[in-house]
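So the structure is just underneath, and the comments pick up after that.
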């Protein structure tokens, strides 16, 4: 008799096993997955954009070093990027602007270069990062809050 009661608790009226997830269990799992996605997805997107911005920062640092070498050899900064012996290629998610002179006449005293985000990032939209002969130029850059490539 006890065996018959145990059989009824674990099997339905057709003799099939009733083990598995209930509707409540599936609902709880779905809610937990949704909560994790809501809180985890922005962090994943932010870290991906952070990586892309850091790559552009490294490229601009490479441009700055190449400009210093060019000036040591020629007495002026390069007016075009193809004149530089760059150690790194341009990042794929950014367009490279034109090198312009700053603080004086015809590239003797300084230069400026801005990279712009190609298209829009999913969270941050378009933005630009500027370097000069002195390094990163925060006043000319348009980095959104949360992006810290340094």
Worksheet item: Taking residue 72, is it farther than 29 Å from residue 50 by Cβ and either part of a loop (DSSP other than H, G, I, E, B) or at pLDDT 90 or above (or both)?
Response: yes
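Residues checked against (1) surrounded by 15 or more Cβ atoms within 10 Å (Cβ to Cβ); (2) at pLDDT 85 or above; (3) part of a loop (DSSP other than H, G, I, E, B):
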residue	(1), (2), (3)
68	no, yes, no
76	yes, yes, yes
85	no, yes, yes
90	yes, yes, yes
98	no, yes, yes
106	no, no, yes
113	yes, yes, no
146	no, no, yes
149	yes, no, yes
Practice prompt. Determine, yes or no, whether residue 80 is at pLDDT 90 or above and in contact with a strand residue (DSSP E or B) (Cβ under 6 Å, 6 or more places away or on another chain).
Written response: no
Worksheet item: Which of the residues spanning region 125-141 are under 15 Å from the mean Cα position of the chain (by Cα) and buried (at least 16 other Cβ atoms within 10 Å of the Cβ)?
Response: 127, 128, 129
Item to complete: Report the residue count in region 78-112 for those that are over 24 Å from the mean Cα position of the chain (by Cα) and under 23 Å from residue 124 (Cβ atoms).
Response: 0
Worksheet entry | Residues of region 49-66 satisfying the condition of being surrounded by 14 or more Cβ atoms within 10 Å (Cβ to Cβ) and without any contact (Cβ under 8 Å) to a residue 24 or more places away in the chain | 65, 66
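The values are calculated or read from the model by the stated rules, or taken from the named source; none is laboratory data. Keep in mind that this is a model prediction, so the values were computed, not measured. Methodologically, a virtual Cβ is constructed for each residue, glycine included, from the backbone with ideal geometry; neighbour enumeration extends over all protein chains shown.
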